Structure formats: structure tokens, C-alpha cells
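Notes for the one structure printed next.
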Amino acid sequence: MTTFRTISVTALLVFGFVFSAMAQDPPAPPSPPPADQIQQLNLTPEQRQQIRRLTQETRDERQATNLRLRDANAALDRALDADPIDENLVEQRINEVAAAQAAQTRMRAHMEMKIRRLLNPEQVATLRRLQLQIRDVMAPRRPNNPNNPRRRNADAFRPTPRRP
């Protein structure tokens, strides 16, 4: 049961990230979603087994895609830290990061599509509602969100005003 819960929570979080969009001026921090999110979907034992099978079948691909993205980001960081900076190498590393991000997005979208096919319309509606709740909770913590208190060096990259 613990494995299923872990797999299901992971799948649900993946879904939440696929459709997330950052709000420019969120009104107030939303309350966290309830802890029993998976139970809210009312999955049948057959659906649970099918989702478990899907996540097991794609585990290696997900790990490889995530590793590729981490490696591409690390290579870009190294290229940016080089002295002197090789602009051609930086462009190449940027393209590698973009390709890795695209592969990750494709993989997540295909996984969600396969899982959604297993759900009935009521479960899909519940999933959408849960994804919105997760998005609202996670948006302030997103790495690219300038309001993220955990963002490293947030002040270090603020542009200095130009003089006329």
C-alpha cells in the first residue's frame, strides 16, 4: 500500500507540474491540499494496478530523462563559469538543456495521457481540481518565481539602472 501511495503521489505531482502556470500576483497563499488526495480519486483496484504498472514500465525512462536534464544543466553551468566564456559552447549547452526539457515534458504529458485514459469523467474532474490545488501551493516555491524566498542569489542578478 505504501508503494502504491508513493507511486500515486508521484504521478499526481507530475500531473500538477504539467499544467502549472505561475500567477503574477497571487492574492493570498492558498491552504495546502488535503493529505488524502489519492483517495479523492476513488480509484478502483484495477485502476490502481494499471497505474502501478505504467509507473513501473516508465521508471527507467523517467530516471534517464531526469538525469539527462540534470547533466545538461550542470554542463551549461560549467560553460557559463568558464574563463573565458566560449559563446558557441554556451549556445550548444543551452540547446542541450532545451532538448532535455522538451523530452521531459513529452514524457510527462504521455504519462498523464495514459493515466487519464484509465479514469472515468468524474475522476478526471477530481484530478483537474487536485492539480489546480497543487499548482497554487507550489507556485510560490517555483525556482523561477522571483518571489520564491529560496531562490539563490535573487538579488545578485538584479539589473543595475543604466545611465543616459
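No lab work stands behind these numbers, since they all come straight from the coordinates. These figures come from a predicted structure and were not determined experimentally. Positions of Cβ are backbone-derived with ideal geometry, glycine not excepted, and every protein chain shown enters the neighbour counts.
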Summed over the other residues with a beta carbon less than 14 angstrom from that of L76, with K and R at +1 and D and E at -1, the charge totals -3
So for R0 = 22 Å, FRET eff. of E61-A82 from the Cβ-Cβ r, to 0.05, ends up at 0.10
